[in-house]
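Participant: Right, I'll just put the structure down here and ask away after.
The values are calculated or read from the model by the stated rules, or taken from the named source; none is laboratory data. None of these values were measured; they are calculated from a predicted model. Cβ: placed from backbone, ideal geometry, glycine included. Neighbour counts: every protein chain shown.
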Amino acid sequence: MRSSPVNKDERADERPVQGAGVNEGARSSGDEPPRAGPGASEGTRSSGDEPPRAGPGAGEGTGSSGDAPAERAAEEQQTPELAARVAQLEDRYRRALADLDNYRKRSAREIERRVEDAREGLLRDWLDAVDSVERALQMDAPEGGLQQGLRAVLEQMETTLARHGVTRIGAAGEPFDPERHEAIAVRETGDVPDRTVLEVMRSGWAVRGRVLRPAQVVVARAPQPAT
């Protein structure tokens, strides 16, 4: 039995057709690159995108080694200036302390002087009252109750002055001292040495060794030889 002839077109249509899985595999391999696993991708990105990190000590050590000579040079340049400035400040500080100490001493002396002046002024007023009582006692008056009362008042005043360190100075027979005596008259006599106090006209007073008021006295003078 003879087979019927087949046309070329029919043979072309009857070419074997590849399966869908093969075509899809081919398209997949051509269209999309093969995917790597998660670990491989992260490793690749880390190695490509970020440079290797150095430890903290490495960076600091590099910067310090480069800046150290400049810093040392700056410190060496500033050291003499700072030392001079410190010396200047110390000198000013010592001068200020000395000025303050001198000011305190001057202030203390000034306060003490003013207090003493006020005190002496008050004592001089008392001395005027003492002089008045003494003059009253020297008057020619009969001895009686008035004289006794004046003497009691005078003793009380002298006691009060003594409590404040005020003592009487100047007495007959003393050598004349211009710091303690005030000569109000001169009398020629040969009975006593020259420049001897003959009479006290007004008593003098001193407070703690310092003359508060000199005594008014009459001074002896040796007789001049006749010519």
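Participant: Being under 30 Å from Ala206 (Cα atoms) and either part of a helix (DSSP H, G or I) or in contact with a Cys (Cβ under 8 Å, 6 or more places away or on another chain) (or both) is true for just one of Ala73, Ala171, Ala108. Which residue is that?
Facilitator: Just a single option satisfies the conditions, and that option is Ala108.
Participant: Are any of the residues in the range 156-168 in contact (Cβ under 8 Å) with a residue 40 or more places away in the chain, surrounded by 12 or more Cβ atoms within 10 Å (Cβ to Cβ) and aliphatic (A, V, I, L, M)?
Facilitator: So far as the range 156-168 goes, yes, one or more of its residues are in contact (Cβ under 8 Å) with a residue 40 or more places away in the chain, surrounded by 12 or more Cβ atoms within 10 Å (Cβ to Cβ) and aliphatic (A, V, I, L, M).
Participant: For the range 209-227, enumerate the residues that are in a strand (DSSP E or B) and out of contact with any strand residue (DSSP E or B) (no Cβ under 8 Å at 6 or more places or on another chain).
Facilitator: Arg210
Participant: Within the range 141-155, identify whether any single residue is under 18 Å from Ala206 (Cα atoms) and outside the structural domain of Leu212 (by TED's automatic domain parsing), and answer yes or no.
Facilitator: Checked the range 141-155: at least one residue is under 18 Å from Ala206 (Cα atoms) and outside the structural domain of Leu212 (by TED's automatic domain parsing).
Listed here are the residues, each with its yes/no results for (1) surrounded by fewer than 10 Cβ atoms within 10 Å (Cβ to Cβ); (2) within 22 Å of Val211 (Cβ to Cβ).
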site	(1), (2)
Leu82	no, no
Ala96	no, no
Asp99	no, no
Asn102	no, no
Ala108	no, no
Asp131	no, yes
Met139	yes, no
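Participant: Can you report the number of residues in the range 176-223 which are out of contact with any Asp or Glu (no Cβ under 9 Å at 6 or more places or on another chain) and small (Gly, Ala, Ser)?
Facilitator: Residues meeting the conditions: 4.
Participant: Could you please find all residues in the range 176-202 being outside any loop (DSSP other than H, G, I, E, B) and not charged (D, E, K, R)?
Facilitator: If the condition is that a residue be outside any loop (DSSP other than H, G, I, E, B) and not charged (D, E, K, R), then His181, Ala183, Ile184, Ala185, Val186, Thr196, Val197, Leu198, Val200, Met201 are the ones that fit.
Participant: Evaluate the range 184-197: report whether one residue or more is buried (at least 17 other Cβ atoms within 10 Å of the Cβ) and closer than 17 Å to Asp131 by Cβ.
Facilitator: The answer is no, given that none of the residues of the range 184-197 is buried (at least 17 other Cβ atoms within 10 Å of the Cβ) and closer than 17 Å to Asp131 by Cβ.
Participant: Given the structure, is Arg210 surrounded by fewer than 15 Cβ atoms within 10 Å (Cβ to Cβ) and either farther than 24 Å from Asp128 by Cβ or not assigned by TED's automatic domain parsing to the domain that holds Leu122 (or both)?
Facilitator: Against the criterion (surrounded by fewer than 15 Cβ atoms within 10 Å (Cβ to Cβ) and either farther than 24 Å from Asp128 by Cβ or not assigned by TED's automatic domain parsing to the domain that holds Leu122 (or both)), Arg210 qualifies.
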